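Reading through the structure tokens given below for one structure.
The values are calculated or read from the model by the stated rules, or taken from the named source; none is laboratory data. This one's a predicted model, so the numbers in the text were calculated from it and none came from an experiment. Every residue, glycine as well, gets a Cβ built from its backbone with ideal geometry; the counts of neighbours run over all protein chains shown.
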Amino acid sequence: MNIYAIRAIYFFELERTWRTLMQSIASPVISTSLYFVVFGSAIGSRMTEIDGISYGAFIVPGLIMLALLTESISNASFGIYMPKFSGTIYEILSAPISYVEIVIGYVGAAATKSIILGLLILATARFFVPFEIAHPLWMIIFLVLTAVTFSLFGFIIGIWADGFEKLQIIPLMIITPLAFLGGSFYSISMLPPLWQKITLFNPVVYLISGFRWSFYNVSDVNVAISVGMTLVFLVVCLTIVWWIFKTGSRLKS
């Protein structure tokens, strides 16, 4: 394992965060804070509790997960797309570094940035609503698993994309709507029976439900299923990344 190569890629990507601090950190935190103000304070003051939890506290895990999903994809996709766009990807591919080490460097940096962002949003939420974390260890596990999984997904998107506009299609047109419809702002038990069944086909439901369970001991689906679905998606992403490097598809063309 070439630790020096991994560190070089990893710290280069992290340093890009500090060069774009407003876009990478400040903007998502401010945007999520506005959600807390509008939904947690304004609307939350007029809504009853959900599953015995105040509405403002109930949406905290969903908003963190919403930011985590979109930022993990954006960080990883942009990180690998820029070397493709500038042509420096060929220097990386010809360097004495394996494909595994390349993935660890890029995905590790993207996941680290997303985890830091998630923790910052969690700390910011304290200023708006009181909440407790029933299972801190599981909260961290869900946070790390989700960040790594969707950073891998973003890595795949960055390799697939052949233009800047394609980097935004899946996060904006698919992931964000799925997160909004996946129980970020409500419990799926509040939906009619038919829509409850339809919602279970949304994979983001399992991520948000498991993450919310780590806070309040309440979930829309079984926690074991939430963990299992996350691991399945992780394995699928790893398989696709392996296939991309094995065939060179969209990487060497």
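Quick notes on this one:
- Hits in the range 228-240 (condition: in contact with a helix residue (DSSP H, G or I) (Cβ under 6 Å, 6 or more places away or on another chain), aliphatic (A, V, I, L, M) and within 14 Å of residue 148 (Cβ to Cβ)): 234
- Here residue 94 does not fit the description of being in contact (Cβ under 8 Å) with a residue 12 or more places away in the chain and more than 11 Å from the chain's Cα centre (by Cα).
- Residue in the range 48-69 that is surrounded by 13 or more Cβ atoms within 10 Å (Cβ to Cβ), at pLDDT below 75 and out of contact with any Ser or Thr (no Cβ under 7 Å at 6 or more places or on another chain) present: no
- Scoring residue 128 on the criteria (1) over 21 Å from the mean Cα position of the chain (by Cα); (2) more than 23 Å from residue 15 (Cα to Cα); (3) part of a helix (DSSP H, G or I) leaves a single failure, condition (3).
- Residues being in contact with a helix residue (DSSP H, G or I) (Cβ under 9 Å, 6 or more places away or on another chain), in a helix (DSSP H, G or I) and at pLDDT below 80 are entirely absent from the range 73-81.
- Checked against (1) more than 23 Å from residue 10 (Cβ to Cβ); (2) part of a helix (DSSP H, G or I); (3) of a type in the set (Gly, Ala, Ser), residue 147 passes all but a single condition, namely (1).
- Each residue in the range 206-241 was checked for being of a type in the set (Phe, Trp, Tyr) and farther than 20 Å from residue 132 by Cβ, and 2 of them qualify.
- Among (1) without any contact (Cβ under 8 Å) to a residue 60 or more places away in the chain; (2) touching a Leu at 6+ places or on another chain (Cβ under 7 Å); (3) within 19 Å of residue 50 (Cα to Cα), the one test that residue 184 misses: (1)
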